[in-house]
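Worksheet for the structure shown next.
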Protein chains: 4
Amino acid sequence: MNIVVWNEYRHEKKDLEVAEIYPNGIHGTIAAFLQEDYENVKTATLDEPEHGLTDEVLANTDVLIWWGHLAHDEVSDEVVEKVKHRVLEGMGLIVLHSAHFSKIFKTLMGTGCDLKWREAGDKERLWVVDPTHPITEGIGQYIELEQEEMYGEHFDIPAPDELIFIGWFSGGEVFRSGATFKRGKGKIFYFQPGHETHPTYHHKDIQQVIKNGVRWAASINTPTPTYGNHKALEQI
Amino acid sequence: MNIVVWNEYRHEKKDLEVAEIYPNGIHGTIAAFLQEDYENVKTATLDEPEHGLTDEVLANTDVLIWWGHLAHDEVSDEVVEKVKHRVLEGMGLIVLHSAHFSKIFKTLMGTGCDLKWREAGDKERLWVVDPTHPITEGIGQYIELEQEEMYGEHFDIPAPDELIFIGWFSGGEVFRSGATFKRGKGKIFYFQPGHETHPTYHHKDIQQVIKNGVRWAASINTPTPTYGNHKALEQI
Amino acid sequence: MNIVVWNEYRHEKKDLEVAEIYPNGIHGTIAAFLQEDYENVKTATLDEPEHGLTDEVLANTDVLIWWGHLAHDEVSDEVVEKVKHRVLEGMGLIVLHSAHFSKIFKTLMGTGCDLKWREAGDKERLWVVDPTHPITEGIGQYIELEQEEMYGEHFDIPAPDELIFIGWFSGGEVFRSGATFKRGKGKIFYFQPGHETHPTYHHKDIQQVIKNGVRWAASINTPTPTYGNHKALEQI
Amino acid sequence: MNIVVWNEYRHEKKDLEVAEIYPNGIHGTIAAFLQEDYENVKTATLDEPEHGLTDEVLANTDVLIWWGHLAHDEVSDEVVEKVKHRVLEGMGLIVLHSAHFSKIFKTLMGTGCDLKWREAGDKERLWVVDPTHPITEGIGQYIELEQEEMYGEHFDIPAPDELIFIGWFSGGEVFRSGATFKRGKGKIFYFQPGHETHPTYHHKDIQQVIKNGVRWAASINTPTPTYGNHKALEQI
């Protein structure tokens with residue numbers, strides 16, 4: 001399985017507080033813990049040519065992880081279109097935190113993907129509401145984060161195919177924090193935690209959920225539909 | 001309630017067979033039967049300025065019905081964006097037949113919306129699979145169409161919020177022929193029958209389903225979410 | 001439309017605190033506000049013959065509202081079976097608060113319907129997560145209850161057909177507080193607020209939601225499926 | 001992974017036509033092909049003590065496969081209750097064909113589970129409508145069965161969590177032929193083909209789907225919720 005961790009990689013370069021938490025970039029931290037479970041983990045970032053997502057890279061990617069925040073608009077529409085094409089072909093996609101507003105997530109959802117937010121160090125507690133789901137393997141009934149950016153409802157997404165986590169915030173809000181969607185042959189997992197000024201991706205349970213998400217979303221050998229003009233299979 | 005029936009209105013002008021079935025256009029036929037139940041029904045077509053969908057028209061529309069086929073590409077991106085905005089604000093949308101490939105449906109679904117098709121006069125039988133749904137009021141267990149264009153699975157849409165009809169075709173295929181989706185504050189109903197060379201929109205049950213769909217999709221006084229920065233409701 | 005409000009009616013008789021909040025019983029309060037919108041509202045209670053739910057009453061009920069807590073086991077299996085039969089035939093059912101553990105709700109869900117709870121006067125805030133839904137007409141983005149019994153996840157129900165409200169509790173929990181389910185031709189709405197020692201059913205927004213729920217759940221003239229041996233509609 | 005294939009095992013003993021197709025019983029055929037992929041596959045049948053489903057057997061079963069038809073009523077309520085308990089605890093359940101009317105399926109669904117049927121040798125074609133789903137690995141766009149008992153809509157089940165296959169029958173009906181449900185910590189897959197007088201379970205694609213279903217439904221190490229009185233996690 002080939003995994004690519006994509007990161008905008010801007011906060012880490014210009015904000016010392018973020019650089020201290022993620023000295024190798026958010027992508028570096030995520031790639032490092034994924035390498036504990038998976039062999040082929042690469043990274044790609046916004047400022048590389050074609051954002052590091054060439055046709056060849058995309059063609060060979062089974063699961064793509066996406067983190068972005070400041071520079072959604074700088075992601076080229078052409079690359080977004082290619083990523084969408086690959087998701088519909090079966091590539092898994094893990095959308096993290098502020099990537100709720102990424103072009104790729106919005107175009108796959110068909111909605112505004114807006115939400116309420118607050119950078120105030122709320123405590124968050126993510127409750128498991130679907131204990132059948134493989135994305136919850138190896139964790140407990142909830143995950144507690146001492147500090148996280150608040151994301152609050154209404155979250156303007158289609159009703160998820162599966163709702164896995166609901167987040168509780170100390171300031172009084174709730175959020176559909178872990179949710180899955182299917183598009184074409186592809187599987188998508190949105191996971192809310194991960195503000196750049198908190199050490200969220202160093203948390204063992206958050207890492208476990210992302211590892212599980214990768215396994216769940218990976219492309220598999222399911223049927224590839226044909227489309228267009230179709231001869232009758234029976235006499236009409 | 002203000003209803004607008006939008007039609008591409010091209011087949012009827014250039015194809016005698018279609019003109020005979022729909023002398024006032026497909027939109028004319030649909031508007032006429034809707035007027036049996038509703039007071040304010042208007043039409044709009046592609047070749048009108050702004051496709052007949054000015055800001056004022058859209059702002060005052062509670063349910064928009066959409067039929068298109070040959071000229072999806074001629075619909076301006078700007079108008080599509082405005083229609084999408086209104087759907088997310090709460091305007092109902094009924095998407096008919098070949099409008100599965102319209103820009104507005106594809107952008108709201110986030111998928112390719114492709115399917116198998118065949119113009120061969122298959123018999124179709126639409127079975128009700130959700131007998132709780134108000135869209136099925138006043139019809140029987142199935143609707144039978146002596147001839148209809150075949151649309152076959154896989155239909156490349158997200159899993160519908162509600163699956164209401166499954167179509168059986170004599171040539172051996174099936175189709176998710178009636179399905180609902182929610183996007184933002186808006187409700188969407190896709191309904192597959194309606195090939196231009198068959199008198200589908202003259203069929204009483206098909207008319208009933210579209211009348212029901214309008215009632216179901218109409219915008220209502222539900223909460224309008226606020227988004228963006230949000231002050232804590234509790235002490236953090 | 002005929003509405004029946006069913007209540008166990010035990011707390012109010014033996015607990016002075018509850019009797020002061022609901023001098024005519026919880027059913028009396030609910031019936032009174034429903035009568036503001038609906039003409040035919042009756043009540044029925046556990047200690048009446050057949051719990052007030054005779055064949056004739058049930059046959060003429062379009063929506064049944066259910067509140068129970070202490071005495072779920074005293075509800076006869078025969079009456080539960082009759083109520084279930086009517087729900088599958090199309091009668092709407094509104095299940096309130098502690099009725100999550102009622103026989104009728106458990107048999108319709110197929111699960112244990114268990115949850116976490118705490119009687120400690122938590123503040124609750126119910127957030128609307130489906131702003132398309134008619135059950136949310138006329139309310140704001142959330143409903144705030146100064147004090148309510150805490151109900152917390154995991155709530156052991158099937159994934160709802162629609163999730164409308166998520167509850168936030170000051171003690172740190174969340175709950176799927178408003179959810180809909182379809183069974184047979186019947187529609188079911190579970191709504192969590194309503195602990196007997198708090199004046200929840202005197203709250204205007206809670207009343208509005210229950211009024212809306214009644215309208216949404218009411219039986220309508222949808223197709224009645226036939227079952228069993230079925231002759232071929234086509235030559236095999 | 002421990003798999004148990006449960007069969008009523010009556011048709012095969014008294015009907016020569018069935019015995020010729022399944023000389024070791026339907027359970028024997030299913031167990032045999034599962035053993036190609038899985039190590040620990042056992043069988044159990046109705047006429048064994050406790051129907052072969054002792055507490056010990058159930059406690060050690062990860063996936064249970066269920067085929068029944070003539071003798072649903074002879075399955076003891078006590079065993080059904082134990083099986084249900086294990087499903088809610090996380091045991092996977094594969095429900096085949098006429099087991100739509102088994103006590104265990106009906107109690108987990110909460111509905112009547114009725115349908116239309118006809119033993120007339122219809123051709124069936126099962127179309128994949130969810131090409132993301134691991135249950136469809138290794139098969140094509142559809143599975144064709146030269147002869148199968150017709151099962152037709154309306155199928156009185158809750159709306160499935162996932163709809164994977166839709167069946168087309170030559171006599172003019174359709175059916176939701178492959179569908180998944182979650183209950184408690186357990187995953188359930190209903191799969192319609194398998195009438196006893198046809199060699200359905202000898203068909204390679206049908207075998208592949210059941211093998212896939214087992215892998216998908218198998219219990220995994222997800223969180224076990226606690227229920228009941230719960231102390232506040234935050235100061236109220």
Original post:
Among all the aspartates and glutamates, which ones have a C-alpha under 16 Å from B:Lys14's C-alpha, if same-chain residues fewer than 8 places away are not counted?
Top reply: B:Asp47, B:Glu196
Original post:
Got a sec? Which residues of segment C:115-131 lose 30 Å² or more of accessible surface with every protein chain in place, vs. that chain alone, 1.4 Å probe?
Top reply: C:Lys116, C:Trp117, C:Arg118, C:Arg125, C:Trp127, C:Val129, C:Pro131
**OP:** Sequence neighbours fewer than 8 away in the same chain don't count; with that in mind, list the aspartates and glutamates whose C-alpha is under 20 Å from C:Lys42.
**Re:** C:Glu8, C:Glu12, C:Glu50, C:Asp55, C:Glu56, C:Asp62
Original post:
If amide H atoms are built 1.01 Å from N in the plane of the peptide, which residues on other chains or at least 5 residues away come under 5 Å of the amide H of B:Gly152?
Top reply: B:Lys116, B:Trp117
Original post:
For segment C:49-54, what does the Karplus curve 6.51 cos²θ - 1.76 cosθ + 1.60, with θ = phi - 60°, yield as ³J(HN,Hα) per residue in whole Hz, taken in order and with x for Gly and Pro?
Top reply: x, 6, 6, x, 10, 5
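Please label the shape of segment B:2-217 as rounded, prolate or oblate, based on the square roots a ≥ b ≥ c of the eigenvalues of the alpha-carbon gyration tensor (a/c under 1.5 means rounded; beyond that, a/b larger than b/c means prolate, else oblate).
On the way: a/c = 1.35, a/b = 1.20, b/c = 1.12.
Rounded.
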Subject >> Theoretical ellipticity at 222 nm over the protein assembly as shown - DSSP helices of four or more residues, -39500 (n - 2.57) apiece, nearest 500 >> reply: -7000 deg cm²/dmol
Subject >> 5 angstrom amide H check on D:Gly186, placed H, neighbours 5+ away >> reply: D:Gly90
Original post:
What are the ³J(HN,Hα) values, in whole Hz, obtained from phi via the Karplus relation 6.51 cos²θ - 1.76 cosθ + 1.60 with θ = phi - 60°, for each residue of segment B:142-156 in sequence order, with x given for Gly and Pro?
Top reply: 8, 10, 10, 10, 4, 9, 7, 4, 6, 10, x, 6, 7, 9, 8
Original post:
Looking down the axis that turns A into B, which residue of A has the closest beta carbon, and how many Å out?
Top reply: A:Gly110, 2
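Under unit Cβ charges (Lys, Arg +1; Asp, Glu -1), what dipole magnitude, rounded to 20 debye, does segment B:2-217 have relative to its Cα centre?
Details: 21 positive and 37 negative charges, 116 e Å.
So the dipole magnitude of segment B:2-217 works out to roughly 560 debye.
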Original post:
At A:Asp73, label 7 Å along Cα→Cβ: distances to the other copies, nm, ascending?
Top reply: 3.0, 6.6, 7.2
**OP:** Against the globular-protein guess of 2.2 N^0.38 Å, express the Cα radius of gyration of the protein assembly as shown as a ratio, rounded to two decimals.
**Re:** 0.92
Original post:
Shortest first and in nm to one decimal, what separations exist between D:Asp37 and its copies in the other chains, measuring from label points 7 Å along the Cα-to-beta-carbon line?
Top reply: 2.2, 4.6, 4.9
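With a 1.4 Å probe, how much accessible area is buried between chains D and C, both sides summed, in Å² to the nearest hundred? Let's see the in-between values first.
On the way: alone 11320 and 11340 Å², together 19640 Å².
Separately minus together, D and C give about 3000 Å² buried.
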Original post:
So which residue, out of B:Thr29, B:Thr111, B:Thr224, gets the largest mean-square fluctuation from a GNM of chain B using Cα contacts under 10 Å as springs?
Top reply: B:Thr224
Original post:
Could you state the number of Å between the C-alpha centres of segment A:80-126 and segment C:15-68?
Top reply: 46
**OP:** May I ask you to report, in nm to one decimal and beginning with the shortest, the distances from B:Glu234 to the same position in the other copies, taking label points 7 Å along Cα-to-Cβ?
**Re:** 0.3, 5.8, 5.8
Original post:
For chain B, what is the accessible area per residue in Å² when the probe is 1.4 Å?
Top reply: 34
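For peptide B:157-169, compute the average count of partner chain beta-carbon atoms within 10 Å of each residue's beta-carbon.
For peptide B:157-169, the averaged partner shielding equals 6.
Carbon and sulfur atoms: what percent of the 1.4 Å accessible area of the protein assembly as shown do they account for? Walk me through the intermediate numbers first.
Numbers: 14720 of 31820 Å².
C and S fraction of accessible area: 46 percent.
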Subject >> Rotationally averaged projected area of segment D:32-141 (alpha carbon convex hull; nm²) >> reply: 9.0
Original post:
So what does D:Glu36 come to for accessible area, using a 1.4 Å probe and Å² rounded to 10?
Top reply: 110
**OP:** Could you tell me the distance between the Cα centroids of segment A:196-228 and segment B:153-167, to the nearest Å?
**Re:** 25
Subject >> When each of A:Lys187/C:Lys187; C:Lys106/C:Lys185; B:Lys84/C:Lys187; C:Lys84/C:Lys211; C:Lys182/C:Lys231 is checked by Cα-Cα distance, pairs over 24 Å >> reply: A:Lys187/C:Lys187; B:Lys84/C:Lys187; C:Lys182/C:Lys231
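The values are calculated or read from the model by the stated rules, or taken from the named source; none is laboratory data. Being a predicted model, the structure only gives us computed values, none of them experimental. All Cβ positions, even for glycine, are placed from backbone atoms using ideal geometry, and neighbour counts span all protein chains on display. Heavy atoms of the whole protein, side chains included, go into the accessibility calculation; ligands, DNA and RNA do not. Shrake-Rupley method; radii C 1.70, N 1.55, O 1.52, S 1.80 Å.
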